[in-house]
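Data first, discussion second: the structure below is written as structure tokens.
The values are calculated or read from the model by the stated rules, or taken from the named source; none is laboratory data. Because the structure is a prediction, the values reported are computed rather than measured. So basically every Cβ, Gly included, is an ideal-geometry build from the backbone, and we count neighbours across all protein chains shown.
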Amino acid sequence: MSKESMKQDIESRIKDLRKQIDYHNYRYYVLDSPEISDFAYDQLMRELLRFEAEHPELVTPDSPSQRVGAAPVSSFPPMVHRVPLLSIDNAMDTEELRAFHQRIVKLAGREDLAYCCEPKFDGLAVELVYENGVFIRGGTRGDGYTGEDVSGNLKTIKSIPLRLITREPPDLLEVRGEVVFYKSAFADLNRERSERQEPLFANPRNAAAGSLRQLDPRITASRALVFFSYGIVDAVAVGLDSQHATLERLSGLGFKVNPDVRLCHGIREVVDFCLYMQEKRESLPYEIDGVVIKVNDIDTQRVLGIKARSPRWAVAYKFPPTQETTTLRRIEVQVGRTGVLTPVAMLDPVKVGGVTVSRATLHNADEIRRKDVREGDTVIVQRAGDVIPEIVAPVVSRRTGDEREFAMPDACPVCGSGVVRDSAGDNGAEGVMYRCVNMACPAVLKEQIYHFASKDALDIDGLGRKNIQQLVDKGLVRDVSDLYTLTRDDLMQLEGFAELSTANLLNSIQKSKQTTLRRFLYGLGIPHVGQVAARDLADHFGSLDRVMGADKEELQAIRGIGKEMAQAVSGFFSNERNRTIIRKLHQRGLVILEQQPPEPESTSLAGKKFCFTGTLESMTRSEAKNEIEARGGQVVSAVSSQLDYLVAGAEPGSKLDKATSLGTRILDENEFMELIKEG
Ligand code: IVH
């Protein structure tokens, strides 16, 4: 056989293998109905990989071999959406659904409307771009205009076709849908993470977002993500006239489409379907938080048009939060990193919306007083979709008289030292806080060490809460500098430690000795100093000595550092105990690298400035602030040209006018929630 014809043979075998693998992928991941065994599938894949290794020039980007996960990237490039992704207005009950229908009837001038009703996935919105039938790129929603290009990660999701099933692909096809994490896979992932003492994901949606925004695609590949499609941008251009037909087309092209979609005629059928899905919700393998109702006919959609940022032709019926009652046994007090005491309700375990709840934070003493919750009360517990469980109220009619009112302790429940009251940040808006002021309180110490070792600080892998607990309780670690004196013998006496785990931990402690100023400042856990402030301080001063030597005025002159923070920083460094710990850290070999290597931006909100006006429905301002800061963003109080986003809640004030005149990007509450969903 000639060389040429041999090459042709190989080429056609490769083509054939790809076709077979794509087909079996589709059977398995899209239809959930495999035709061959895993073993037979692996054989095909192995053969393809072998041929491609021998003939790298024949590898194409749409080959199924390209799903495994490419090399890590340092950050995600922006992905500008050709057509912005809109948000959807909510209908909080069936009354609001009927009102939506009435509006449509009036505007469209007809009664006989068909609605395409689809479960509302509680995942992460993404857009996929196909050119001539081949997957080219894909990205997250971001603020609706610009998201992040996470193509490498999306490629690892097997239910995303790399090539459309069609003989005549359109030049361009933009597909929208949602990446979800199945409930069972989520439970498995968190189980593994807890075994490895890694922080747990709060819910499947966060797990999906966290997995999709991994810089290392191999990590994404290891997570069981699933993509459901629900829309085509400019569907008319590809010959479609309705939403229902769009879904059928998507299915034909090889995408997964929700099987629970229903075409409803008139609002009664819509309401019935919403209530039906509400019942069915728990038994679904993935989380949904409502039903999206879309006018089916695309011509009518056009007539109805869009408002500011959401279409008039669609509405999201949100399931009511799931509530249950249970007994509040007692209120325990936890001590955090800065010594703040937080009351936590210990509950008789109860299933709320499919999740077992046995504890709920009560935030602070004021909240307990406001809600009048007592130990022994029967209480209503609520989980609103994704939100952490909360206690709504006591069931007063069930009181027997044996309930005990709660008072914050005078002494720290962990170390017994005195507790002081001070007013919280936000101009005391959150009321009085109780704080243990013993700097050596074991509870405070444990939290400080945990923070010091966390991923964004000194990044000491393997130093989870359980290990820290043992180290502190045995007196092996009295402050963070003691981490650097730990020996093999110290660790071997701890529960759960063998040769390998000991060596690994010592190794990661050793590795953490070389760090950056940003990480170090963040790791110190100075009150109010999050990642962004730590970065600002590091970039401004360049060396630890200079930060330590700065006075309040100097600190406050830095952009982004307010009075409170300046106070906290200078207070921290003038404290003799803190100075001693820093000295000991140096003596024990900690080196802050002079050259600050550029750190990849770890979150999409990093460095972004937010301001609020009006009231938010789904969270308090300080919760919203926490969400932003946890993602590296910052909240400022005034609108200026430096502002990135103004979040406008209900009844916005004059800030909205100012932001509008400055051309600042304005987010409504739904859009804000979308944005933080991604982080
Ligand atoms: S359609 C104008 N359909 O809801 C309508 N959105 O869009 C555009 N979502 O985070 C969206 N399930 O990802 C649509 N079946 C569904 C959906 C859905 C979930 C999410 C979407 C975005 C939010 C608002």
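Observations, loosely collected:
- Tally of residues being within 31 Å of the chain's Cα centre (by Cα) and more than 24 Å from Gly133 (Cβ to Cβ) across region 244-269: 4
Yes or no, residue by residue, for (1) within 27 Å of Ala606 (Cβ to Cβ); (2) of a type in the set (D, E, K, R); (3) assigned to a helix (DSSP H, G or I):
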{"position": "Thr502", "(1), (2), (3)": "no, no, yes"}
{"position": "Arg518", "(1), (2), (3)": "yes, yes, yes"}
{"position": "Met548", "(1), (2), (3)": "yes, no, yes"}
{"position": "Gln567", "(1), (2), (3)": "yes, no, yes"}
{"position": "Phe573", "(1), (2), (3)": "yes, no, yes"}
{"position": "Arg579", "(1), (2), (3)": "no, yes, yes"}
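- Gly679 vs. criteria at negative phi and within 16 Å of the ligand (Cβ to nearest atom): yes
- Given (1) surrounded by fewer than 19 Cβ atoms within 10 Å (Cβ to Cβ); (2) within 14 Å of the ligand (Cβ to nearest atom); (3) of a type in the set (A, V, I, L, M), index of the condition Met277 fails: (1)
Yes or no, residue by residue, for (1) at pLDDT 90 or above; (2) more than 26 Å from Ser310 (Cα to Cα); (3) in a helix (DSSP H, G or I):
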position: Lys584; (1), (2), (3): yes, yes, yes
position: Glu617; (1), (2), (3): no, no, no
position: Asn626; (1), (2), (3): no, yes, yes
position: Ala638; (1), (2), (3): yes, yes, no
position: Pro652; (1), (2), (3): no, no, no
position: Ser661; (1), (2), (3): no, no, yes
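- Positions within region 140-159 being over 21 Å from Val73 (Cα atoms) and crowded, with 17+ Cβ neighbours inside 10 Å, in sequence order: Asp143, Gly144, Ser159
- Yes/no for Leu643 being outside any helix (DSSP H, G or I), within 16 Å of the ligand (Cβ to nearest atom) and surrounded by 19 or more Cβ atoms within 10 Å (Cβ to Cβ): no
- Among the candidates Ser229, Ser194, Ser211, Ser184, residue that is at pLDDT below 85 and of a type outside the set (D, E, K, R): Ser194
- Candidates Ser637, Ser622, Ser604 - the one that is hydroxyl-bearing (Ser, Thr, Tyr), within 16 Å of the ligand (Cβ to nearest atom) and either in contact (Cβ under 8 Å) with a residue 40 or more places away in the chain or closer than 24 Å to Arg559 by Cβ (or both): Ser604
- Qualifying residue in region 95-107 (condition: at positive phi and buried (at least 19 other Cβ atoms within 10 Å of the Cβ)): no
- Residue under evaluation Ala125, criteria (1) in a strand (DSSP E or B); (2) more than 13 Å from the ligand (Cβ to nearest atom), criterion not met: (2)
Quick grid of which residues meet (1) aliphatic (A, V, I, L, M); (2) within 17 Å of Tyr230 (Cβ to Cβ):
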site	(1), (2)
Val134	yes, no
Thr156	no, no
Leu162	yes, no
Arg167	no, no
Val179	yes, yes
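- When residues of region 386-413 are limited to those that are part of a loop (DSSP other than H, G, I, E, B) and either of a type in the set (Lys, Arg) or in contact with a Phe, Trp or Tyr (Cβ under 7 Å, 6 or more places away or on another chain) (or both), the one surrounded by the fewest Cβ atoms within 10 Å (Cβ to Cβ): Arg399
- Gln243 passes every criterion in (1) within 11 Å of the ligand (Cβ to nearest atom); (2) crowded, with 21+ Cβ neighbours inside 10 Å; (3) within 26 Å of Val352 (Cβ to Cβ); (4) not aliphatic (A, V, I, L, M) apart from (3).
- Gly133 vs. criteria away from the ligand (no atom under 16 Å from the Cβ), at positive phi and not hydroxyl-bearing (Ser, Thr, Tyr): yes
- Residues of region 129-163 satisfying the condition of being of a type in the set (A, V, I, L, M) and either free of Cβ contacts under 8 Å to residues at least 60 places away in the same chain or touching a Lys or Arg at 6+ places or on another chain (Cβ under 6 Å) (or both): Val129, Val134, Ile136
- The residues of region 256-272 that are hydrophobic (A, V, I, L, M, F, W, C) and within 13 Å of the ligand (Cβ to nearest atom), listed by number, are Val257, Val261.
- Single residue of region 303-335 satisfying the filter (assigned to a strand (DSSP E or B) and within 16 Å of the ligand (Cβ to nearest atom)) that is surrounded by the fewest Cβ atoms within 10 Å (Cβ to Cβ): Ile306
- The C-beta contact set for region 303-317 (first residue under 17 Å from Glu669 (Cβ atoms), second residue acidic (Asp, Glu), distance under 6 angstrom, 6+ apart or interchain) comprises Ser310/Asp89; Val315/Asp89.
A quick yes/no check of all residues on (1) surrounded by fewer than 23 Cβ atoms within 10 Å (Cβ to Cβ); (2) modelled with pLDDT of 95 or more; (3) more than 29 Å from the chain's Cα centre (by Cα):
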{"residue": "Glu111", "(1), (2), (3)": "yes, no, yes"}
{"residue": "Asp122", "(1), (2), (3)": "yes, no, no"}
{"residue": "Val129", "(1), (2), (3)": "yes, yes, no"}
{"residue": "Asn132", "(1), (2), (3)": "yes, yes, yes"}
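- Test for Asp539: is it modelled with pLDDT of 90 or more and acidic (Asp, Glu): no
- Within region 336-360, the set of residues being among the small types (Gly, Ala, Ser), at pLDDT 85 or above and crowded, with 17+ Cβ neighbours inside 10 Å comprises Gly339, Ala345, Ala360.
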